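Visitor: Once you've had a glance at the structure underneath, I'll fire off some questions.
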Amino acid sequence: NTDWTIMHYCAGDSNGLAADLCDDIEEIIKSYNENCNVLVLIDVSAGSKCTIYNQTFSGTGVFRVEKNKLTLIELQDVYEYSADSVDTGDTDCLQAFISYCKANYPAKYYGLFLGGHGMGVSSTVYSNIIQKNILYDGETKRMICAVDLTNHLDENCSVDFLNLDLCYMGCVEFL
């Protein structure tokens, strides 16, 4: 076991965000620490192509970051179905990614980075409750809201730190 498993869940198939998230992953590769497991799920629009460390893909890619290396993990190894893309606006997809990482890359501590296009407090009103949308899948038009992280993810998805690399996270109403 290593000390850390760091998971990056990137919903990048909306508003041209994929290129920025791919740049973030390039930076992760450059700063790799061999005492950590680093896994990345990135979802880009089916019509877009994303290049990370000389690997080009479209749809959804799951990768393990290693020293000067990016290893593709087969999507069906993470999810129980075969597809070119997953719905990153669905908490079940987030939960499956976290569960896969924890089961296959055990560590003392776990960190989760969520990257994507948060759309702010006013983006969705459901049952007269304002939802705080943090991850949006531009293809399915589904979203994960702040409340979903506690209401829909089970105890097995707990992490030691959570980083929100999302639009609108500087708004006081998210606190």
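The values are calculated or read from the model by the stated rules, or taken from the named source; none is laboratory data. Note that the structure is a prediction, hence the values are computed from the model and not measured. Counting neighbours? That spans all protein chains shown, and the Cβs are built from the backbone with ideal geometry, glycine included. Side chains included, ligands, DNA and RNA excluded: accessible areas come from the protein's heavy atoms. Shrake-Rupley method; radii C 1.70, N 1.55, O 1.52, S 1.80 Å.
Visitor: Can you work out which of the residues in region 54-108 that are aromatic (Phe, Trp, Tyr) and assigned to a loop (DSSP other than H, G, I, E, B) is least open to solvent (accessible area, probe 1.4 Å)?
Guide: Across region 54-108, the extreme among qualifying residues is 79.
Visitor: Right, here's the next one. Which ones in region 15-53 are closer than 21 Å to residue 110 by Cβ, open to solvent by less than 40 Å² (accessible area, probe 1.4 Å) and part of a helix (DSSP H, G or I)?
Guide: The answer is 21, 25, 28, 29.
Visitor: Something else about it: When you go through (1) touching a Cys at 6+ places or on another chain (Cβ under 7 Å); (2) at pLDDT 85 or above one by one for residue 72, which number turns out not to apply?
Guide: In the conditions (1) touching a Cys at 6+ places or on another chain (Cβ under 7 Å); (2) at pLDDT 85 or above, residue 72 misses (1) alone.
Visitor: Now, a different point. List the number of the failed condition for residue 78; all other conditions in (1) in contact with a helix residue (DSSP H, G or I) (Cβ under 6 Å, 6 or more places away or on another chain); (2) over 21 Å from residue 143 (Cβ atoms) hold.
Guide: (2) is the only condition that residue 78 fails.
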